[in-house]
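Written out below as structure tokens is the structure these notes cover.
Bear in mind these aren't lab numbers, they're just calculated from the coordinates by the rules spelled out. These numbers were taken from a predicted model, which means no experiment stands behind them. All Cβ positions, even for glycine, are placed from backbone atoms using ideal geometry, and neighbour counts span all protein chains on display.
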Amino acid sequence: MTGYKVAIVGATGMVGREYIKILEQRKFPMNDVKLLASERSTGKKVTVNGQALVVKETSPEAFKGTEIVFLAAEADISRQFSPIAAAAGAVVVDDSSAFRLDPKVPLVVPEVNAEDIKGHKGIVAGPNCSTIQLVVALHPLHRVNPIKRVIVATYQSVSGWGAAAMDELRLQARKVLDGEAFTPRIFPYQIAFNVLPEIDKAMANDYTKEEWKMSEETHKIMHASEIAFSATCVRVPVFVGHSEAVWIEFSRPMSPAEARDILSRAPGIRIVDDIAASQYPHPLAAAGRDETYVGRIREDTSLPNGLVMWIVSDNVRKGSALNGVQIAEAIIKRNWLKPGG
Ligand SMILES: NC(=O)c1ccc[n+]([C@@H]2O[C@H](COP(=O)([O-])OP(=O)(O)OC[C@H]3O[C@@H](n4cnc5c(N)ncnc54)[C@H](OP(=O)(O)O)[C@@H]3O)[C@@H](O)[C@H]2O)c1
């Protein structure tokens, strides 16, 4: 293998495992790969590019000589290790929420704001999964006809919580069908055959932190703090793939045909939009795919300059690991590995 010295923190988790798959699929140039996780996983073997690698405990020494770190663990782990890895000379692509809103850290979706990576100080953040697919679809439209207001309702799969939530849905679904009792562990109520309008903690204004993150991150990535924004984020019993119903108010009228035309030429988007023929995006069709799917594009009949659309993407791929690998590819392509660009 020729290329870069890479480390994956959280290599045993859902996003970490997807990182390994995507790095292999895209033939990412790596000549050394360190797999890091908690001490619980020390000694486990994971195959990368046909080689069985031993998972090690994450420690400051592990980053010595590493050039690119993909961090796929919780925010407190990132707060602890990302600055250490950056100080050791690596660029950290961080999937956690730790640094997303730090003004010194670029928050990047390469289709939208790859240029923001330039001048990084060793850490580049990837957004929340529900934000990524939204801005991939909003940005091309905003460039043509500035967006004034966005209302979004999300339908987020359990994999957005992590691997343990998928196990919980699987187990609950079996128990419900078999008429057996169980106690919910991850979510406050049963998630199988149910929907829960609560993702992340409640905030003082009764929005949830997930809803707030979508708003703040969208403003930061699109450089458009003027867009009025309101989200309702809902967990649904789907394994992989987040869906979003989005109401967009533009500065001027935009027809569904014009939006379809713009989005069909935008990077990372696939249009599936023929309701009469039951053609629209849905999570089962988007799972395992790289694109952000857009459909159900139609006039918002409640206001003059409005459109409604339905956006679906694989939250573990484009919503996290794929976006992280694309950030690293953008860094390499532009020779921005070292801080300051
Ligand atoms: N799931 C998504 O769709 C999604 C989308 C965007 C961003 N993210 C973000 O990506 C990150 C990972 O999410 P996930 O869904 O992959 O979670 P996950 O499946 O629960 O995996 C968590 C990973 O973190 C590791 N870890 C735990 N404690 C650690 C420690 N003290 N030191 C080093 N590693 C430690 C775990 O290792 P062990 O196996 O050893 O415990 C595991 O590899 C989170 O910050 C999440 O917010 C997730």
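Only residues that are within 16 Å of I311 (Cα to Cα) and part of a strand (DSSP E or B): list them for region 207-229, please.
Step one: of region 207-229, the residues within 16 Å of I311 (Cα to Cα) are 214, 218.
Answer for region 207-229, where residues must be within 16 Å of I311 (Cα to Cα) and part of a strand (DSSP E or B): there is none.
What residue, of K34, K56, K44, is touching a Ser or Thr at 6+ places or on another chain (Cβ under 8 Å), more than 17 Å from V6 (Cβ to Cβ) and touching a residue at least 12 places away in the same chain (Cβ under 8 Å)? Testing whether each residue is touching a Ser or Thr at 6+ places or on another chain (Cβ under 8 Å), more than 17 Å from V6 (Cβ to Cβ) and touching a residue at least 12 places away in the same chain (Cβ under 8 Å) leaves just K44.
Only residues that are within 15 Å of the ligand (Cβ to nearest atom) and in contact (Cβ under 8 Å) with a residue 60 or more places away in the chain were counted across region 79-103, and they come to 7. Just one of the numbered conditions (1) in contact (Cβ under 8 Å) with a residue 12 or more places away in the chain; (2) within 15 Å of the ligand (Cβ to nearest atom) is not true of K201: (1). Residue count for region 134-180 under the criterion of being away from the ligand (no atom under 13 Å from the Cβ) and not hydrophobic (A, V, I, L, M, F, W, C): the result is 16. Applying the condition of being of a type in the set (S, T, Y) and surrounded by 21 or more Cβ atoms within 10 Å (Cβ to Cβ) to region 96-154 and asking which residue is farthest from G340 (Cα to Cα) yields T154. Taking the options K27, K34, K21, name whichever one is more than 8 Å from the ligand (Cβ to nearest atom) and in a loop (DSSP other than H, G, I, E, B). When all the criteria are applied, what remains is K27.
Residues in region 207-255 that are closer than 25 Å to G162 by Cβ and either within 15 Å of the chain's Cα centre (by Cα) or not aliphatic (A, V, I, L, M) (or both): how many?
Of the residues in region 207-255, the ones closer than 25 Å to G162 by Cβ are 207-218, 220-221, 231-245.
Narrowing further to those that are either within 15 Å of the chain's Cα centre (by Cα) or not aliphatic (A, V, I, L, M) (or both): 207-218, 220-221, 232-233, 235, 237, 239-244.
Number of matching residues: 24.
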